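Okay, so here's the structure we're looking at.
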Amino acid sequence: MVTQLRAARASMNITWGLTRKLIVTALLLSTLAGSALAMGARPPAAGMPAAGFSLTDLYGKAHSLEQYKGKIVLVNFWATWCKPCTSEMPAMQTVYDQLRDKDFVVLAVNELEDEAKVREHIQQYNHTFPVLLDRENQVANQYGVFGLPVSVFIDQQGVVQEYIKGGLLTERKIQEIVSRIQNAAPIKAATLR
């Protein structure tokens, strides 16, 4: 009888040990899978410094966010298959044409698509703003992009002023945001007297 109890206890210990290992393994795998499936960082909030980046355009020219300091920058994450993306691009083009000589720039960041497909799309719709290729999705991840389109307005000092998810950009909306950024009073440091 004692031998049978010891055997039963040993069997329960083995079973419990295996069960614990399975639970721990399952938790680790779910954590790793969640990390792998996550799209990236948290989206930047208004008032945060914009994350720096450098990407090449369709002509192989490098563009860094840093080179546009002093200008209002609209960084738009998009793809050719995204209908809301392509429907808001004409408004971006119109405002870009109106304001590019007034320190406004559009950087259209294409996510993960074939360069030839992107080039064909841009030529078909006669877009003239810089189109950058995020071939490894690194910049989209930096900006917490999950779903397209996403538009980030960055002020002249490199600070995020607006983060818009979804195809909500119209000419009027872009002009209102740019005007608000242009007319914002600069932040002054407190001084002690």
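Please report the equivalent ellipsoid semi-axes of region 63-146, computed as sqrt(5 x eigenvalue) of the Cα gyration tensor, largest first, in whole Å.
19, 17, 11
Output the direction-averaged projected area (hull surface divided by four) of the convex hull of the alpha-carbon atoms of region 42-190, in nm².
Details: hull surface 33.9 nm².
Hull-based average projected area comes out at 8.5 nm².
Say R0 is 35 Å: what FRET efficiency, to the nearest 0.05, do F146 and T94 get from their beta-carbon distance?
Result of the calculation: an efficiency of 0.80.
Sorted by accessible area (1.4 Å probe), largest first, how do D101, D155 line up?
D101, D155
In vacuo Debye scattering of region 139-179, one point per C-alpha: log10 I(q)/I(0) at q = 0.29, 0.32 Å⁻¹?
After summing over all Cα pairs, the log10 values are -1.09, -1.16.
Multiply the residue gap between E115 and L168 by 0.36 nm, knock off their C-alpha separation, and tell me the result in nm, one decimal place. Intermediate values should be presented prior to the final figure.
On the way: separation 53, 0.36 × 53 = 19.08 nm, distance 2.57 nm.
Stretched out fully, the E115 to L168 stretch lengthens by 16.5 nm.
Give me the percent of Cα-Cα pairs in region 100-154 that sit more than 20 Å apart, rounded to a whole number. Walk me through the numbers on the way to the answer.
Working: 426 of 1485 pairs.
Tail of P(r) above 20 Å: 29 percent of Cα pairs.
The values are calculated or read from the model by the stated rules, or taken from the named source; none is laboratory data. From a predicted model like this one, the values you see are computed outputs, not experimental measurements. For neighbour counting, all protein chains shown are included, and Cβ atoms are generated from backbone atoms with ideal geometry for every residue, glycine included. The area values use the complete protein model at the heavy-atom level, side chains included, leaving out ligands, DNA and RNA. Shrake-Rupley method; radii C 1.70, N 1.55, O 1.52, S 1.80 Å.
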